[in-house]
Structures are given as C-alpha cells and as structure tokens.
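Note sheet for the following structure.
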Amino acid sequence: MRMLFLAMISIFLLGYSAPRPSEVETLWSVDWSPNGKYVAAGGEFSELRIFNKGLKVQKAYPIANTITNLQWHPYEPNLLAVATQGDVAGVYLVNTKTDNIKSINGINKHGARGLDWNNEGSLLGIADNEGLVSIADKKGKVIHTVKKQNTRSYTTFDWHPTEDKFLVGGEFIRMYDLEGNLLLKKAHREEPSLILCIQWHPSGSFFAVGDYGDHSKDLSPVVQYWTIDGVMTQQMQAGEIEYRNIVWNKEGTELTSASDALRTWSTDGTLIRELTSARPLWGLSLNPDENRIVTSDISGKLFLLDHKEGKLRKKRNF
C-alpha cells in the first residue's frame, strides 16, 4: 500500500555533535508517570533514573544489565515495572516511595522486552527473549504462563484496552486471550522483518505495528495498521531507521513513532508532522495532558518537546 500525502510538516532538528563510538550508550525506554510529575528512563547504563517533568534527576536505582522497557502502573504513581536483558537479567517492580525493588520470579534469565499493565492495573504482561509470555499480578507473582509457540523471542506486548486479550510481536503478530488461546497469527510482510513495537488503538478495533526492516534485502522499515481480524489496512514508510516505539493519543486520532524522526500519523495513514533527528530515536512517551512528549536516543540523551509545535523545551544527557 502506498503512503498517503504529507498534509503538514513541522521540522525541528534535534541536532548536536556525534559522540565518539566509546561514548554511545542507547537510552532504550522512557515513560511518564500517570500523574504527569515524573519521567522514568533507562537503557545501557545499568541504572534506572527518575526525572521530574523538567528533566531534573530526582532518584536513581542500580539495575543490572540493559533496561529495555519501563512502564508506570496506570493508577499508582509510585509503582514502576522495569524489564531488562543481558547475561543474567530479569523483570522488576520498583516502588519509588519506599525504594523497594522486587524481582519477578520465573522470567527467562536473559530477560525481556515486552511489558505492559492491563487497563485496570491488576495484571502485568511480560513477553520475554525466549518467546514466553508471563502474566503477573501487581505484587509481582506470576499467575499464568502462555505456552511457547514456534518463535525465537518477543520484542513487544500490548493489552487490549477493554478486553482480556493481548498482542505480542516478534517475527509474527500474535494475539492471545487471557487463558493463552491463540486468536490470531499473521506474518506482517512477505519477507520476514522483526516487529519492534505494537499498540492497540484506544477503541480496541484495530492496532498498529512498527518494524525493523531489513537493509540486506532492501526492506525499508514500515508502520502498519491492522484490523482485529488480521487485515492490513494501511502501510506507511518514511526514513530508513527502524521504528522502535509507537504511541497513540487518547482520542486515537494520532499515532506518533520514534525512528530517525518523530513522526505523527493520522488514522488514514497521512503523515501529519515530522520532527527530524540527527541520531536514531528509541524511547517515546506522551504526558497525560498530551502537551509534552519525551523521547530518547542512541547516545543517551533525553529530549522534552511540545507535542504539537515541536519546540524543544529541554535536552540533557542521561
């Protein structure tokens, strides 16, 4: 499918001098707290940091290995789920009020990337690097494990906004119900390409995916929209860097993606805004008021911007 025309473009270069190779440490994940007061961030630093909304460090926690994903609890502003990967990695619950860090038992020792709280905040879904899905309660007890399919690993997980089912992505799109029954399995392209991010539309009637592409096969990265029955309705391509993260606004009118730019797409696939970056972007999160967006990049920098205008409010090293 072709990409629809660019309706409006607002360009802001997130530029700076390139770091030396030895200084490059990717900041994988960022997330706003549900009250909008804090931003959690982590990556290849073996440390979790909590910033205020002006990106000043408030707390720091030693977390071994690479932090691949961070998810605040949707209603409890002091509870944070943290996924890591490495030689001996895991998934943790961090209480930023008591500073307690609890390891969730039963997760693959090489860690996980997929992580998401369900809408009620009662369950935490974890999709790990061995292709297993674990469902834990809010205290960190694993209460259910989905039987492993023929897959190497999962990179992303997202709960349906109103129902007890979820999506996971790897080399395929898969949808399961809470009992672990496979509801959908689809290859999103004719040539295999790793899916890095997946997210339901707020309506729950369709979902979006972003992938890695494959430069060895001249496959450019894409963002796609899929119906709940597994029919692709839109495919958008812009840039040559993988799509690491995507996020819908609350109304479901816009999807923002992190790649070699921050791009915002409409539900019909129109590119609305594009904020270009000098370095590939990884982390991505909208604040609850949706007037600010925070992103991070492969050299350990955080950027705070106006969501609509693209004006840079703050830039800082991790």
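Measuring how big the stretch 68-182 is from its alpha-carbon positions, Rg and Dmax come out at 13.0, 41 Å. Note that the stretch 64-69 has calculated 3J(HN,Hα) couplings of 5, 6, 7, 7, 9, 7 Hz, one per residue in order, obtained from phi through the Karplus relation 6.51 cos²θ - 1.76 cosθ + 1.60 (θ = phi - 60°); glycine and proline are x. Rolling a 1.4 angstrom probe over the protein heavy atoms with all chains in place gives the chain an accessible area of 42 Å² per residue. For LEU183, the residues 5 or more places off, or on other chains, whose built amide H falls under 5 Å of its own are MET175, TYR176, ASP177.
Distance between the 7 Å Cα→Cβ label points at LYS250 and ASP268: 2.6 nm. Per-residue 3J(HN,Hα) values for the stretch 54-60, derived from phi via the Karplus relation 6.51 cos²θ - 1.76 cosθ + 1.60 with θ = phi - 60°, read x, 6, 9, 5, 9, 8, 9 Hz in sequence order (x marks Gly and Pro). Normalising the average separation of contacting C-alpha pairs (under 8 angstrom, six or more residues apart) by the number of residues puts the relative contact order of the stretch 172-243 at 22 percent.
From a point 7 Å beyond the Cα of ASN105 in the direction of its Cβ, which residues of the stretch 145-174 have a backbone N at a distance under 20 Å? Answer for this model: 145-146.
Remark on SER29: its backbone amide H falls under 5 Å from those of GLY42, a criterion applied only to residues 5 or more positions apart or on other chains, H modelled at 1.01 Å from N.
Compute and list, largest first, the equivalent-ellipsoid semi-axes of the chain from the alpha carbon gyration tensor, each √(5λ) rounded to a whole angstrom.
Output for the chain: semi-axes of 26, 25, 18 Å.
Amide H contacts under 5 Å for HIS160: LYS165, PHE166, LEU167, restricted to partners 5 or more places along the chain or on a different chain, H placed in the peptide plane at 1.01 Å from N. The portion of the accessible surface of the chain made up by carbon and sulfur, rounded to a whole percent, is 48 (1.4 Å probe; DNA, RNA and ligands excluded).
The values are calculated or read from the model by the stated rules, or taken from the named source; none is laboratory data. Since the model is a prediction, treat every value here as computed from it, not as a measurement. Counting neighbours? That spans all protein chains shown, and the Cβs are built from the backbone with ideal geometry, glycine included. Heads up: the accessible areas ignore ligands, DNA and RNA and are worked out on the full protein's heavy atoms, side chains in. Shrake-Rupley method; radii C 1.70, N 1.55, O 1.52, S 1.80 Å.
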